[in-house]
Amino acid sequence: MTRVEPADARPVFSDDAARARRRTVCRLLVSAAVALTLAACSGGHRHASYAVTGATTQFAAPPAADDSGMALQSATPGQYDYSGMKPVKIDGQTLRPDAALERMNRDLGTIVAQTPAEPDPIAGRLRIVLADHDRLRAITAPLALVGGNALADYGAEELRLGEHGAADVLVRSHLFASATLVEQNDTLNPAAEGADYVLWYQVWSSKPNNAGPFVGGWRLRRASGQAVAAISFDPGTAAGLPRYLSFVQSVRAAAGTPGTGIAATGTSGGVTKEGSGIVVDANGHVLTNNHVIDSCRNLRVTDTGGTASPATLVAADATNDLAVLKTERHWPTWASFRDSRALRPGEAVVVAGFPLSGLLSPEMAVNTGSLTALSGLRGDSRLFQFSAPIQPGNSGGPVLDSSGRVLGIATSGLNGLALAAATGALPQNVNFAIKTSTARSFLDDNSVTLDTAAPGHTLDPAGVGDVARRFTVKVECF
């Protein structure tokens, strides 16, 4: 699919006061962008959506067609006032916002038309529930601060079209015996309405009581149970049809593997959030991010050997995004942390954790990069910046040096699309970790001891990964 980027999304101000206001607004948007991409948040791939008000709207499944640039069958771009928005550039061509959305619609229609049928369909009926424009507008609302309502509406329409594109590809693949598609405002936990499975695009606030930025993600459950699976695109596949087919395979894995894709553990339902954690002592304490465990009724920790243990929350610090859990499991090895005062920009780092474990490998993943800055956004001294890629599920996991010492706890990354809309620049691998000094203070306050050590012998990344496997765990909320 073609790449869509704002030709110039930055508003023009004529005086110093207005320019200062723009700088303030951009800082607010960047903060929202970080919240939108907290690594535990599902989603990994940005989708699209559009507005239908009032009653639920029914759509027919897309019919068979050739691949000559047909439009989506279940959606057309909504008619909104984009007069205050700058043109959009697609493959070097400058287009009006409405024309850019029509182009995206045709490109997605072509992808749908090229979708092959699945050779081994799942017996059962699927109900697909998509979020309407008004619901998706909650996600893109921060864009109004820098580009006005036009930019926020345009972003919601982009989301809506991508959302419909994914749904149409799934229907066209004939993964299920039959499928119906509806678009509505309430997508928190929709009913199956007689279907065997329900797939929906859920929109929720990243903080309790709707106090944080809104985010979205795909969810799947069986009508006969409450267990819920997160559905994702594989970011490692090529853009276009291959990436949309990875979405189909994610749905298949969740629907066709009871107890794995859709976890059925505990009496309160399935896994709703996943992240990573670090074993910090011999007493079963596990350090993770607060946003991984907030609002959880039940917690479970699983080590790299596959042994799962119930966990309880000892303490949480929402300000510093930290939490410590307690299990009855006593691991023989726990993490050693390095003093934050010895951090050096440019030194190699390794990130360990369980990104997108419901879609990608369930094993611990290892990524490499470098420490790029000694502080976070706007010079936040509690954080450091690093370049190793992270995905949803890495939150709470260790960022290690070349000897296997923990330098920090992975916490968030910048939302590239939101920042590109605000500044015209697309950041790559701008991620943040909480420093050891902040973690030590939090654990000291809660009578948990943190082991520290100087750097040891240099290991290759695989060797660092071997060290991390001894104390890196998956944290699940259900």
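The values are calculated or read from the model by the stated rules, or taken from the named source; none is laboratory data. This one's a predicted model, so the numbers in the text were calculated from it and none came from an experiment. Ideal geometry is used to build each Cβ from the backbone, glycine not excepted, and the neighbour counts take in all protein chains shown.
Before moving on, here are some points about what is shown:
- Filter result for the condition that a residue is of a type in the set (A, V, I, L, M), closer than 20 Å to residue 476 by Cα and surrounded by fewer than 16 Cβ atoms within 10 Å (Cβ to Cβ), over 352, 318, 342, 311: 318
- Residues satisfying the criterion are absent from segment 396-404 (criterion: more than 16 Å from the chain's Cα centre (by Cα), assigned to a helix (DSSP H, G or I) and either at pLDDT 90 or above or not assigned by TED's automatic domain parsing to the domain that holds residue 350 (or both)).
- Restricting segment 430-451 to residues that are of a type in the set (Ser, Thr, Tyr) and either in a loop (DSSP other than H, G, I, E, B) or at pLDDT below 90 (or both), the residue that is surrounded by the most Cβ atoms within 10 Å (Cβ to Cβ): 449
- Filter result for the condition that a residue is in contact with a helix residue (DSSP H, G or I) (Cβ under 9 Å, 6 or more places away or on another chain) and without any contact (Cβ under 8 Å) to a residue 40 or more places away in the chain, over 287, 313, 299: 313
- Residues of segment 120-169 that are within 27 Å of residue 242 (Cβ to Cβ), part of a helix (DSSP H, G or I) and of a type in the set (A, V, I, L, M, F, W, C): 136, 139, 156, 159, 161, 166, 167, 169.
- Scoring residue 458 on the criteria (1) of a type in the set (Ser, Thr, Tyr); (2) modelled with pLDDT of 90 or more; (3) within 24 Å of residue 315 (Cα to Cα) leaves a single failure, condition (3).
- For residue 409: the one exception among (1) touching a strand residue (DSSP E or B) at 6+ places or on another chain (Cβ under 9 Å); (2) modelled with pLDDT of 90 or more; (3) in a loop (DSSP other than H, G, I, E, B): (3)
- Meets criteria (modelled with pLDDT under 95, assigned to a helix (DSSP H, G or I), polar (S, T, N, Q) and on the phi < 0 side of the Ramachandran plot) for residue 110: yes
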